[in-house]
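Right, one structure below, let's go through it.
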Amino acid sequence: LMDDIIVVRDEKGNVGAYDLSGTLLLPAAYASIQPMGHGILCIGEEYDQYHLCRRDGSRLTDEMFYSVEPFSEGRAAVIRKKGEPYGYIDETGNMVIPPSYDRAEPFHEDRAAVNIDKKWGFIDRSGTMVIAPQFRKLGHSKGFHEGYALVKYTGQFGFSSDKLPHSCRRSAAL
């Protein structure tokens, strides 16, 4: 349950959505519906073909997407077409960080983990790289929490922060 939206499936397998008062938001006419946060729904018309709409059913954008991640801090990672890189859209559906990432994670504390050539780094909400891609793996949360991110660098897990004097400070093996 996200944004007080209930997704239901009918006997034919189509899905629709209601609010908590029982008011129909979208009829059961879609392959999938996923609340994305901030009152935005991801509607699957068919496999790997998604569009975004508001609670009232009006489209956020006419663009179709291959993949859409939930909104976090006003941004959602998206792929327009299969095989293309990830970029980020804002809550109006505008592409605000151009597609250029092999993988992209949600924003936490104004930072998002992005993967380029099998290495992880971190961008800010404008798309500026604040910690260059250099990490082989990320910790389970894949984001910043209280100013730090858990990363794997040269075989050990440690913490990274753009507030430290070095881009990565390793701790004892965790």
Distant alpha-carbon pairs in segment 31-145 (separation over 17 angstrom), percent | 52 percent
In order through segment 118-125: 3J(HN,Hα) via Karplus (6.51 cos²θ - 1.76 cosθ + 1.60), integer Hz, x for Gly, Pro = 6, 10, 9, x, 9, 10, 9, 5
Which order do 130, 68 take by accessible area at a 1.4 Å probe, largest first?
-> 130, 68
Per-residue HN-Hα couplings for segment 18-25, Karplus 6.51 cos²θ - 1.76 cosθ + 1.60 at θ = phi - 60°, whole Hz, x for Gly and Pro?
-> 10, 8, 5, 7, x, 6, 5, 9
By its C-alpha gyration tensor, with a ≥ b ≥ c as the square roots of the eigenvalues, how is segment 1-93 shaped: rounded for a/c under 1.5, else prolate for a/b larger than b/c, else oblate?
-> oblate
By a straight-distance test (C-alpha under 17 Å), which aspartates and glutamates pair with residue 12 as possible cross-link partners, with residues fewer than eight away in the same chain excluded?
-> 45, 46
Measuring with a 1.4 Å probe in the full set of protein chains, what accessible area per residue, in whole Å², belongs to segment 43-138?
-> 49 Å²
Could you calculate the FRET efficiency of residue 102 with residue 49 from 1/(1 + (r/R0)^6), where r is the beta carbon distance between them and R0 is 22 Å, rounded to 0.05?
-> 0.50
Modelled FRET efficiency - R0 25 Å, residue 4 with residue 58, Cβ distances, 0.05 increments | 0.85
Value of relative contact order over segment 1-158, rounded to a whole percent, pairs C-alpha under 8 Å and six or more apart | 10 percent
Evaluate the distance, in nm, between pseudo-label points positioned 7 Å from the Cα of residue 73 and of residue 130 along their respective Cα→Cβ axes.
-> 0.5 nm
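The values are calculated or read from the model by the stated rules, or taken from the named source; none is laboratory data. These numbers were taken from a predicted model, which means no experiment stands behind them. Please note: Cβ atoms are built from the backbone with ideal geometry, for glycine as well, and neighbour counts cover all protein chains shown. Each accessible area value is taken on the protein alone, full model and side chains, heavy atoms only, with ligands, DNA and RNA left out. Shrake-Rupley method; radii C 1.70, N 1.55, O 1.52, S 1.80 Å.
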